[in-house]
1. Less than 18 Å apart at the alpha-carbon level, and either on another chain or at least 8 residues along: which lysines does that give for Lys516?
2. Would you work out the charge dipole size for segment 477-599 about its Cα centre, treating the Cβ of every Lys and Arg as +1 and the Cβ of every Asp and Glu as -1, and quote it to the nearest 20 debye?
3. Residue by residue through segment 243-253, what is 3J(HN,Hα) from phi via Karplus (6.51 cos²θ - 1.76 cosθ + 1.60, θ = phi - 60°)? Round to whole Hz and write x for glycine and proline.
4. So what's the gap between the Cα centers of segment 130-178 and segment 358-416, to the nearest angstrom?
5. What are the principal axis extents of the Cα atoms in segment 436-564, in Å, biggest first?
6. State the answer as a single residue: which of Gln478, Leu446, Ala465 lies farthest towards the positive end of the charge dipole of segment 398-554, with beta carbon charges of +1 for Lys and Arg and -1 for Asp and Glu, about the Cα centre.
7. Could you look at segment 215-326 and say what percent of its accessible area is carbon and sulfur, using a 1.4 Å probe and all protein chains?
8. If you place +1 on the Cβ of every Lys and Arg, -1 on the Cβ of every Asp and Glu, and leave all else neutral, what size is the dipole of segment 287-435 about its Cα centre, to the nearest 20 Debye?
Amino acid sequence: MTPDRAAATVPPAVSKAVLLLTALLLASCATSAPVPAPATEGLGEPEVSSHPKPTASPKAADAGVSSTTGSALPDPLTSGLPGPQDLKRLDFRNGEPRLPIKLMEGRDVVTFSPRGRMRLRFGGPDDKMLDAPAGSRWTVRVTQGEPAQWSARLQLGEFRFADKAGLTEAQETWRARGLAVRTHTLGSVYGIAGKVIDNRRYLLLGDEALTPQAAQEQQAELLRRYGLRTTLFEEVKKPSSAILEVKDENDAVVGLAQDRLDAETPDGSGFDVRQVEYGVGYDFHAFEDRSFRGALQFAADRGGKLAVVNVVPLEELLKGLVPSEIFARAHPEALKAQAVTARGEVLAKVGIKHLADPYLLCSEQHCAVYRGRTGEAASTTAAVEATRGEALFSKDGRLVDSVYSAVCGGHTEDNDVVWGGPPDPSLRGRPDLLEAAPDVPGPSSLKAWLAAPDIPAACRLSSFAQPTKFRWEKRFTQAQVDALTQKLGVGPIQALSLSERGVSGRAKLLTLAGLKGATQVRGELNIRRLFGMLNSSMATVDAERDAEGRLTGWLFRGGGWGHGVGMCQTGAIGRAEAGQRYPEILRYYFNGAEVAPIY
């Protein structure tokens with residue numbers, strides 16, 4: 001039967017639906033049968049008489065299937081999307097880079113709709129594609145999923161690329177403890193617009209490759225013996241795989257893809273995604289319909305389930321990210337300062353996180369909270385656009401690690417106190433005061449500093465200041481402390497002591513004594529995590545006893561909310577409200593660093 005006769009004898013709607021299904025299944029299953037050259041205005045018409053005739057849906061009838069090899073018209077979508085492996089290094093050749101950021105994973109089914117004309121790319125040797133109109137609804141379902149096989153090494157430490165002395169010392173320490181170690185280098189270095197972006201760092205790893213279960217057991221042992229919380233460096237031995245099944249809104253299967261499916265809109269209008277999961281592992285875990293700019297990738301995640309990834313230009317990413325980092329109603333100059341620091345933080349994280357995943361960044365607290373177009377606000381979008389391509393650079397032209405925290409408590413902290421490693425000239429702790437206060441005690445007299453009233457700190461005077469974050473108390477019962485420290489193996493706690501404080505009063509060493517022994521927990525973040533994310537380690541701790549002198553609990557009195565390094569976000573608002581512009585705000589918090597464009 002010729003194509004002309006097929007068109008004459010089969011009802012048009014049915015014919016188009018059958019042809020659509022046939023062409024896509026041929027592409028996804030990679031058969032060797034020849035495929036007719038497609039027409040440029042819709043469906044090609046292969047032989048259909050030997051195939052069943054499903055009921056056509058209106059959307060499927062409007063869709064078109066084509067092959068990139070025979071298209072006579074140029075199309076902005078024919079170049080396809082880069083995958084995460086293609087984006088391990090940023091590409092600035094066309095200006096801003098594009099980044100793949102995870103929206104959710106571990107899903108069986110995902111439903112989405114394009115906001116403009118869409119093209120789905122199924123891959124395969126013929127690179128088959130489906131065109132669909134705006135507003136059409138599509139479902140992707142994972143089938144035949146196989147999880148990745150991976151091993152893990154204990155990550156014992158992370159060191160800045162310049163901290164070779166710290167790396168060597170740590171190697172010697174662990175070897176003396178009888179553990180064989182190896183080093184691994186992460187990150188990249190770029191030269192662009194006369195500036196240097198360098199996020200390289202060393203990881204110190206255990207030499208032995210372990211199963212996931214064995215790695216967790218060894219983590220627990222190191223925590224018990226040395227008070228050290230470790231992470232895992234994962235290495236994929238066999239990638240995950242899955243067949244991705246695409247259905248139209250009438251639940252008809254229109255195509256299959258192996259491991260990955262790309263969806264783009266030529267006008268950049270993006271997509272609506274139903275029931276995006278967020279807050280996994282937190283008490284605010286929920287689902288929400290969200291809208292996103294850029295393109296979508298559907299891929300097999302490490303568990304053989306479905307991951308949904310948004311491939312989006314950096315500036316568009318920031319529009320959906322910055323409102324989650326700062327109050328959108330804050331002063332415009334503070335919003336600009338936040339946009340610049342957030343841009344630098346994204347650049348610093350690319351290529352050093354999620355190395356075993358089909359994306360480079362996630363949209364949760366682990367990387368940066370990102371809600372796409374749904375989370376955008378006009379004020380923060382204006383701040384992103386006003387600072388387009390700008391990042392923060394030190395006096396020698398290197399990208400500053402533009403970190404920030406919510407409330408510094410009146411004094412920022414040195415990077416080496418919080419994270420170890422060598423001092424960073426751009427990350428020096430300093431008073432966050434809007435005016436001189438010679439009569440106010442400093443953090444070196446911590447109890448007096450925490451009790452002092454009317455400190456002229458920018459994060460206290462800001463209109464967004466919260467008194468319970470500037471100064472706070474946290475009380476634990478004895479039973480709670482014993483439960484939180486049980487894994488340390490020292491028995492019921494009898495004494496707690498914070499020491500080795502930085503310039504802001506933040507402690508980096510906690511000493512614990514129990515009925516079965518004593519141990520130490522080192523590191524500002526490790527101390528806070530031990531007590532269920534204590535607000536900060538700018539704190540004192542005192543035992544509480546009953547009338548007969550029996551230990552009943554522990555009281556922490558502290559200041560600030562977060563690590564305190566770099567920019568104080570609430571302080572930045574206070575400085576903006578006091579008349580400072582964003583370059584001046586950033587220059588203060590980052591010790592003379594300057595804002596400069598990189599594209």
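1. Partners within reach: Lys487.
2. Using Cβ point charges on Lys, Arg, Asp and Glu, segment 477-599 gives about 260 debye.
3. 9, 9, 9, 10, 10, 8, 6, 9, 6, 8, 6
4. 22 Å
5. 49, 34, 25 Å, listed from the longest principal axis down.
6. Positive-most Cα among the choices belongs to Gln478.
7. 45 percent
8. 420 debye
The values are calculated or read from the model by the stated rules, or taken from the named source; none is laboratory data. Because the structure is a prediction, the values reported are computed rather than measured. Cβ coordinates were reconstructed from backbone atoms using ideal geometry, including for glycine residues, and neighbour counts include every protein chain displayed. Each accessible area value is taken on the protein alone, full model and side chains, heavy atoms only, with ligands, DNA and RNA left out. Shrake-Rupley method; radii C 1.70, N 1.55, O 1.52, S 1.80 Å.
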